[in-house]
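A short write-up of the structure that comes next.
Where a number appears in this text, it was derived from the coordinates with a stated rule and is not lab data. As the structure is a computational prediction, the values presented were derived from the model and not from experiment. Cβ coordinates were reconstructed from backbone atoms using ideal geometry, including for glycine residues, and neighbour counts include every protein chain displayed.
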Amino acid sequence: MNERVLYLMVCGAGPADHVDVAIGLAQDRGWSVHCVATPAAVEHFLEPAAVEQLTGHAVRTGYQRQGQPPLPKADAVVVAPATYNTINKWAAGIADTYVLTQLAELTGLGVPIAVLPFVNTALAANPVLHRSIDVLRSSGVQVLFGKGGFQPHPPRTGSRAMATYPWSAALDAVE
Ligand SMILES: Cc1cc2nc3c(=O)[nH]c(=O)nc-3n(C[C@H](O)[C@H](O)[C@H](O)COP(=O)(O)O)c2cc1C
């Protein structure tokens with residue numbers, strides 16, 4: 001039987017340092033994980049070689065290059081950590097990273113997508129974030145924000161918040 005394919009879309013926020021946790025949880029559930037990351041995630045947090053070792057697949061940050069295997073079709077997508085930047089740009093129809101281009105297409109295709117933001121209370125106080133979440137939800141995307149999902153933390157407490165980052169909730173949402 002073929003394994004189910006999960007795209008783990010990783011943006012530039014602290015939990016991107018800990019995607020090994022998400023990869024392990026997803027693999028335990030029978031997903032073949034393909035990690036797609038923003039340039040900010042790779043620049044500041046994620047170690048592509050370590051992720052490739054865990055998933056068996058190269059981390060994608062751009063379009064397929066000659067000699068690179070194509071991404072298999074996704075059965076589901078988890079966007080975690082999802083930044084303020086990517087959530088707002090996605091909802092506004094901007095597609096200037098490979099992650100955003102893929103998300104625009106996958107939203108249009110109706111592939112199950114769960115989004116787990118990682119924002120502090122200062123970012124979360126901006127009404128634009130809530131408008132963007134509403135737009136994404138109305139497109140069928142599951143944004144796990146607020147009760148039962150991600151709860152924003154006070155500024156400068158992100159490293160503590162990472163310990164309870166609810167990766168499993170995102171995986172539950174795409175089952
Ligand atoms: C150390 C560090 C921590 C950051 N933490 C967050 C965060 O928790 N949430 C967030 O939305 N952005 C955070 N940012 C800012 C994003 O990385 C920045 O907005 C970037 O443009 C996001 O790009 P992306 O959405 O394409 O990944 C952080 C940046 C750095 C360098």
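Tabulated data for the structure shown
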{"item": "Residue order, fewest to most surrounding Cβ atoms within 10 angstrom, among T121, T164, T61", "result": "T164, T121, T61"}
{"item": "In order through segment 55-65: 3J(HN,Hα) via Karplus (6.51 cos²θ - 1.76 cosθ + 1.60), integer Hz, x for Gly, Pro", "result": "8, x, 9, 5, 6, 9, 10, x, 5, 4, 9"}
{"item": "Lys, Arg +1 and Asp, Glu -1 on Cβ, resulting dipole of the chain about Cα centre, debye, nearest 20", "result": "380"}
{"item": "Fewest-first sequence of S168, S159 by Cβ atoms within 10 Å of each Cβ", "result": "S159, S168"}
{"item": "Rg [Å, one decimal], Dmax [Å, integer] - segment 71-124, C-alpha atoms", "result": "11.5, 38"}
{"item": "Ellipticity estimate at 222 nm from DSSP helix runs (n ≥ 4, -39,500 (n - 2.57)) divided over the chain, nearest 500", "result": "-11000 deg cm²/dmol"}
{"item": "Extension reserve of the V128-Y63 stretch, reckoned as 0.36 nm per residue once the Cα distance is removed", "result": "20.5 nm"}
{"item": "Alpha-carbon centroids, segment 2-62 and segment 124-175: separation in whole Å", "result": "18"}
{"item": "Order of I133, I87 under a 10 Å beta carbon neighbour criterion, fewest first", "result": "I133, I87"}
{"item": "Student exercise, segment 12-83 dipole from Lys, Arg, Asp, Glu Cβ charges, in Debye to nearest 20", "result": "300"}
{"item": "Translational D in µm²/s for segment 15-143 (Stokes-Einstein at 37 °C, 0.692 mPa s, Kirkwood Rh from C-alpha pairs)", "result": "214"}
